[in-house]
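Data first, discussion second: the structure below is written as structure tokens.
Please treat every number below as a calculation from the coordinates, not as lab data. What you are looking at is a predicted structure, and each value in this text was computed from that prediction instead of being measured. Counting neighbours? That spans all protein chains shown, and the Cβs are built from the backbone with ideal geometry, glycine included.
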Amino acid sequence: MGIKRLTEGEARFMDIIWDSEPVPSGKLVDLCKEKLGWQKSTTYTLIRRMSNKGLLKNENSTVTALVSRKEVQIAECNYMVDQTFAGSLPSFLVAFLGDRTLSREEADELKKMIDRHSK
């Protein structure tokens, strides 16, 4: 399943769910009011929207995520690399590192990750 990109509000909403799940929908309303300043209707609109996107389910008034935070983060990173760096991971890493210098440990860790992900 391809994960659709999230708006900022959707991402903040999913963070609350990931941090609290499984969460009763009434408690989710309270959490969204406290953390996001949302009204009850806004929370229920987002529950419906995110359910329609296949990202969460609301079963027996209990909300749970159908995708993990990591899956969404990976999809967002892939989108950014594709859109901003024409799919080039080396270009992304050069931009990400900027003027920073890696420690020997960081460089070794990156080399190990590259080896694990190489074909």
Exercise. GluC sites (Glu not before Pro) within region 32-80: which are DSSP loop residues with at most 14 other Cβ atoms inside 10 Å?
Worked result: none
Exercise. Could you work out the helix-only [θ] at 222 nm for the chain, with each DSSP H run of four or more residues adding -39,500 (n - 2.57) and the total divided by the number of residues, to the nearest 500 deg cm²/dmol?
Worked result: -21000 deg cm²/dmol
